[in-house]
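Every number in this text was worked out from the coordinates using simple rules, so none of it is lab data. Computed from a prediction, not measured in an experiment: that's the story for all the values here. Here the Cβ positions follow ideal geometry from the backbone for every residue, glycine too, while neighbour counts run over all protein chains shown.
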């Protein structure tokens, strides 16, 4: 309440991180990564073969042909899965 | 008869066909729990299998340099059947199935919707719901289920391309607990019936095929054998023998003895 001297309500500040990083949820973990231009760029950054994985961004599957032109935004939730041994 | 004629007569069989696709082998094999990749590959080879199941899981980002499963599996030789193992809800299983299809190999899915962690028995309601959704999206749904006839019929109605009743719980190695149920399911369904789960020994596999089913899916029976590769050989032959035995038509069971040697022409008993 403004009756309290010296107490200010300041607007939420959104500041672009000068280093050009994003915080992404990747496979359940928050990670800061250099802002990738696309999902494909993120996979390359992570050292993953795009042909061996399937990617969901915000619970939507990103089809193979669209990996290179699907952008990522701060706070996006990404799941990267692949085939493993199983019965 | 020449050897080739005998071979032709004893080995003629229609191929296993699911959703219009023919497969070379009635033995389907899982890729889980092997001691190492080399053993897995050698075992799959010994089995003569074509269909191998795989699971869908998060990539471990700290170990992204490790060789993936696909590095070890010749995808020209093996047909990858993705599963929805670990899914306890229909929507979860549907999500996994869609991810698996996006990997780009085929539209088949081994659908599992589990109801209980200890027994890994299926949640029938969830299984039916997921089957309907996925069948409508063009998946060839191969549904892991229990050995209840009504559930099997409902799965077929829901659009399953194959129904996969268990012999006994996953990984239990208890073998075919209810041959009558499996036989009944096979007799009543139109789609292929492939027994999935619980086979432990070659005898189990042979007995299961003798019920007339179209195939068997096994994993632990091989991976947990002392010598998986040798067991793969055994299972290959057990499945073939069981299938041939079924096609050959077993003899009837009698509760009295019926001699195999003539009862006439016996020597007169000595009279002294």
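Quick rundown of the values:
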{"item": "10 Å Cβ neighbours from other chains, averaged over peptide A:24-37", "result": "1"}
{"item": "Percent breakdown of C-alpha pair distances by 10 Å bin, ordered from the shortest bin, for the protein assembly as shown", "result": "5, 21, 27, 19, 11, 7, 4, 3, 1, 1, 0, 0, 0, 0"}
{"item": "Spin-label pair residue B:72/residue B:178, simplified geometry with 7 Å Cα→Cβ offset, distance in nm", "result": "3.5 nm"}
{"item": "Average other protein chain Cβ within 10 Å of Cβ, residues B:102-114", "result": "2"}
{"item": "Pair residue B:39, residue B:266: separation of 7 Å Cα→Cβ label points (nm)", "result": "5.7 nm"}
{"item": "Rounded if a/c under 1.5, otherwise prolate or oblate - the range A:21-81, Cα gyration tensor axes", "result": "rounded"}
{"item": "Relative contact order (percent, whole number), the range B:96-241, Cα cutoff 8 Å, 6+ residue spacing", "result": "16 percent"}
{"item": "Counting DSSP beta bridges with both ends in the range A:21-81, the antiparallel % (nearest 5)", "result": "85 percent"}
{"item": "Beta bridges per DSSP with both ends in the protein assembly as shown, % antiparallel, nearest 5", "result": "45 percent"}
{"item": "Global geometry of chain B, whether rounded, prolate or oblate, following the gyration tensor of its Cα atoms and the 1.5 cut on a/c", "result": "prolate"}
{"item": "Relative contact order [Cα under 8 Å, 6+ residues apart], the range A:21-81, whole percent", "result": "46 percent"}
{"item": "Number of partner chain Cβ atoms within 10 Å, mean per residue of B:31-38", "result": "2"}
{"item": "Chain B, relative contact order [Cα under 8 Å, separation at least 6], %", "result": "17 percent"}
{"item": "Most mobile listed residue (B:211, B:14, B:187) in chain B, GNM with C-alpha springs under 10 Å", "result": "B:14"}
{"item": "Highest-first arrangement of B:259-266, B:157-164, where packing means the average Cβ count within 10 Å", "result": "B:157-164, B:259-266"}
{"item": "The range B:107-126-the range B:152-211 distance, computed between alpha-carbon centres (Å)", "result": "15 Å"}
